[in-house]
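Heads up: the structure comes next, in structure tokens.
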Amino acid sequence: MNIQHSMNHDDICRARLEALRCEHRHLDEAIAALHGQQLPPSLALQRLKKQKLSLKDRIARLEDELTPDIIA
């Protein structure tokens, strides 16, 4: 039997958005853990913060895509 499960574009975006938010939280936790060290490796912190900012931008773009345009 060949059963096809189809997700529409919004469902795919919502699933991707949730995955990005989860990844963003994990980066936040990793950054907090590095800050807790006496001598946090600055290069690692910079990379994590850059990744986190990139994720935040991607999240914002997906949220904009999911928000309906309302003409006032």
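Every read-out reported here was derived from the displayed coordinates using simple, explicitly stated rules and does not represent laboratory data. These numbers were taken from a predicted model, which means no experiment stands behind them. Every residue, glycine as well, gets a Cβ built from its backbone with ideal geometry; the counts of neighbours run over all protein chains shown.
Taking region 29-72, which residues are β-branched (Val, Ile, Thr), touching a helix residue (DSSP H, G or I) at 6+ places or on another chain (Cβ under 6 Å) and under 15 Å from Arg14 (Cα atoms)? Quick ask: steps written out before the conclusion?
Keep residues of region 29-72 that are β-branched (Val, Ile, Thr), which gives 31, 59, 67, 70-71.
From what is left, the residues that are touching a helix residue (DSSP H, G or I) at 6+ places or on another chain (Cβ under 6 Å) are 31, 59.
Listed by number, the list holds a single entry, Ile59.
For Leu17, are the conditions met, namely being within 11 Å of the chain's Cα centre (by Cα) and part of a helix (DSSP H, G or I)?
Yes; evaluated as a whole, the condition is true for this residue.
Just name the residue that is nearest to the chain's Cα centre (by Cα) out of those in region 33-53 that are of a type in the set (A, V, I, L, M, F, W, C) and surrounded by 10 or more Cβ atoms within 10 Å (Cβ to Cβ). Step through it out loud before you land on a result.
Start the filter on region 33-53 by keeping residues that are of a type in the set (A, V, I, L, M, F, W, C), which leaves 33-34, 39, 43-45, 48, 53.
From what's left, surrounded by 10 or more Cβ atoms within 10 Å (Cβ to Cβ): 33-34, 44-45, 48, 53.
Values: Ala33: 19, Leu34: 20, Ala44: 19, Leu45: 18, Leu48: 13, Leu53: 9 Å.
Result: Leu53.
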Original post:
So Ile59 clears everything in (1) outside any helix (DSSP H, G or I); (2) surrounded by 12 or more Cβ atoms within 10 Å (Cβ to Cβ); (3) of a type outside the set (Ser, Thr, Tyr) except one condition, right? Which one?
Top reply: (1)
Original post:
Does His26 satisfy the condition of being exposed (fewer than 10 other Cβ atoms within 10 Å of the Cβ) and more than 21 Å from His9 (Cβ to Cβ)?
Top reply: no
